[in-house]
Amino acid sequence: MNDIVYVAKHFHSYDVAQHFHENWELVYCTGGNGVFTFEDNSKIEYGKGDIVIIPPYVQHNNHSDVGFTNIHMNICNATLPQKTPVLISDDSERHIKNTFYDAFYYYYNSTLKKRQLIISSLGDLIVNYIIAFQSNKPLSQMVEIIKSDILNNFPDCNYSLEKFMRSLPFNYDYLRKLFQNEMGVTPHVFLTNTRMQTAAKMLASSYQTEYNIGMIAQICGYEEPLYFSRVFKKHFGCSPKEYAAIAKSAPANG
């Protein structure tokens with residue numbers, strides 16, 4: 001899921017003719033401004049620091065009177081909840097921008113033999129940033145409750161998400177579908193993603209010199225290090241040790 005299959009840049013462009021993609025298109029405006037027009041004649045105006053998210057097969061064109069620069073990418077099997085094009089804005093630290101630049105670097109310039117591992121993890125990160133940053137539609141109360149419970153309890157090796165959800169005064173399957181509709185993934189996938197992202201951050205930071213794999217597994221809610229390593233490898237395509245080595249060689253953002 002969330003596989004980056006194409007990344008490119010526009011250098012001071014004015015027009016992109018009407019087209020569509022078989023996969024999701026994410027467009028980060030790095031300079032200037034413009035407007036996207038879609039097949040139903042709806043429009044999205046954007047400026048520097050904005051990201052336009054366009055679902056598959058949606059016809060669109062891009063025009064600017066003053067010119068724009070951007071990084072755009074296609075992601076297949078994206079776990080995004082949107083059904084129509086939307087705009088979100090990056091935060092003041094430009095976290096999404098940095099991730100787009102990293103994706104462009106690894107797609108074209110990296111000489112790492114296993115650079116696809118980094119590209120895959122960046123796809124997950126970008127999609128999760130978009131879900132987290134989207135503010136045009138607040139989450140329903142029950143989804144907020146489930147999300148908060150996961151974020152508060154994911155380090156607990158004895159945490160039972162299913163038990164918690166079944167304790168709520170709603171049908172379990174209804175809550176599962178509601179969460180997936182609003183968050184883009186099921187509650188259990190969100191739990192696993194949260195644990196994996198926490199582990200990845202620890203492995204890629206100075207924590208890796210303080211904690212061994214077993215300790216990181218415990219901190220992320222896994223009692224058995226071997227099981228943690230299997231889940232990690234399935235999620236990222238490499239072992240925790242390999243991920244730490246690859247992340248350590250990543251370039252700093254300029």
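The values are calculated or read from the model by the stated rules, or taken from the named source; none is laboratory data. Since the structure is predicted, the reported quantities are computational estimates derived from the model, not experimental observations. Ideal geometry is used to build each Cβ from the backbone, glycine not excepted, and the neighbour counts take in all protein chains shown. Just so you know, the surface numbers come from the protein's heavy atoms only, side chains and all, with ligands and any DNA or RNA stripped out. Shrake-Rupley method; radii C 1.70, N 1.55, O 1.52, S 1.80 Å.
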For SER160, indicate whether it is farther than 30 Å from GLU25 by Cα and modelled with pLDDT under 85. no
For GLN134, work out the one condition from (1) crowded, with 16+ Cβ neighbours inside 10 Å; (2) polar (S, T, N, Q); (3) out of contact with any His (no Cβ under 8 Å at 6 or more places or on another chain); (4) under 21 Å from GLY237 (Cβ atoms) it doesn't fulfil. (4)
What residue, of SER120, SER110, is in a helix (DSSP H, G or I), open to solvent by less than 70 Å² (accessible area, probe 1.4 Å) and among the small types (Gly, Ala, Ser)? SER120
Filter region 27-57 for residues that are farther than 23 Å from ALA132 by Cα and assigned to a loop (DSSP other than H, G, I, E, B); the one that is least open to solvent (accessible area, probe 1.4 Å) is SER42
One residue from PHE164, PHE154, PHE179 being in contact with a Gly (Cβ under 9 Å, 6 or more places away or on another chain) and either farther than 27 Å from LYS233 by Cβ or surrounded by 12 or more Cβ atoms within 10 Å (Cβ to Cβ) (or both): PHE154
Does any residue of region 160-176 turn out to be over 21 Å from the mean Cα position of the chain (by Cα) and in contact (Cβ under 8 Å) with a residue 40 or more places away in the chain? no
Unmet criterion (only one of (1) open to solvent by less than 20 Å² (accessible area, probe 1.4 Å); (2) within 17 Å of GLY237 (Cα to Cα)) for THR99: (2)
Suppose we keep only residues that are hydrophobic (A, V, I, L, M, F, W, C) and open to solvent by 10 Å² or more (accessible area, probe 1.4 Å) within region 58-84. Which one would you say is farthest from the chain's Cα centre (by Cα)? VAL66
Looking only at region 75-122, count every residue that is in contact with a Cys (Cβ under 8 Å, 6 or more places away or on another chain) and among the aliphatic types (A, V, I, L, M) and tell me the total. 1
